[in-house]
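Coordinate-derived values only; no laboratory data. Treat the numbers as computed from the prediction; the structure is a model and nothing was measured. Virtual Cβ from ideal backbone geometry, glycine too; neighbours counted across all protein chains shown.
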Amino acid sequence: MRKYGFTLMELLIVVVIVGTLAAIGFSLYNNAVSSSNEKICGANLKALKTALDLYALDHDMMPSSL
């Protein structure tokens with residue numbers, strides 16, 4: 001007699017393995033997003049500093065509305 005299909009134990013093991021891999025992948029994804037957001041903020045701050053420095057060079061003072 002041939003049996004076709006999977007046992008409940010085999011399916012549970014696969015679900016646990018897939019769940020573990022998904023949890024690890026989700027954690028790595030969150031770390032990558034957080035790291036990229038930090039880099040974007042740093043780049044924006046650097047651009048703002050450059051713009052303020054150029055303004056100060058043109059007007060011999062920093063803008064008073066800051």
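Simple point charges give the picture: +1 on the Cβ of Lys and Arg, -1 on the Cβ of Asp and Glu, and for the chain a dipole about the Cα centre of about 580 debye. 3J(HN,Hα) couplings calculated from phi for the range 16-26 with the Karplus curve 6.51 cos²θ - 1.76 cosθ + 1.60 (θ = phi - 60°) are, in sequence order, 5, 5, 5, x, 5, 5, 5, 5, 5, x, 5 Hz; Gly and Pro show x. Estimated from helical segments only, the mean residue ellipticity of the chain at 222 nm is -29500 deg cm²/dmol, where each DSSP H run of four or more residues counts as -39500 (n - 2.57). In the chain, a dipole from Cβ-located charges (positive for Lys and Arg, negative for Asp and Glu) runs towards its positive end, and of Ser34, Ala56, Ile24 it is Ile24 whose Cα lies farthest in that direction. Taking chymotrypsin sites (Phe, Trp or Tyr not before Pro) as exposed when their DSSP state is a loop state and no more than 11 other Cβ atoms lie within 10 Å, the longest site-free interval of the chain runs over 7-66.
Karplus-derived 3J(HN,Hα) values for the range 31-39, using 6.51 cos²θ - 1.76 cosθ + 1.60 with θ = phi - 60°, are 5, 5, 5, 4, 5, 5, 5, 5, 5 Hz; glycine and proline are entered as x. Computed 3J(HN,Hα) for the range 50-66, one whole-Hz value per residue from the Karplus formula 6.51 cos²θ - 1.76 cosθ + 1.60 where θ = phi - 60°, is 5, 5, 5, 5, 5, 4, 5, 5, 6, 10, 6, 6, 7, x, 7, 8, 6, glycine and proline marked x.
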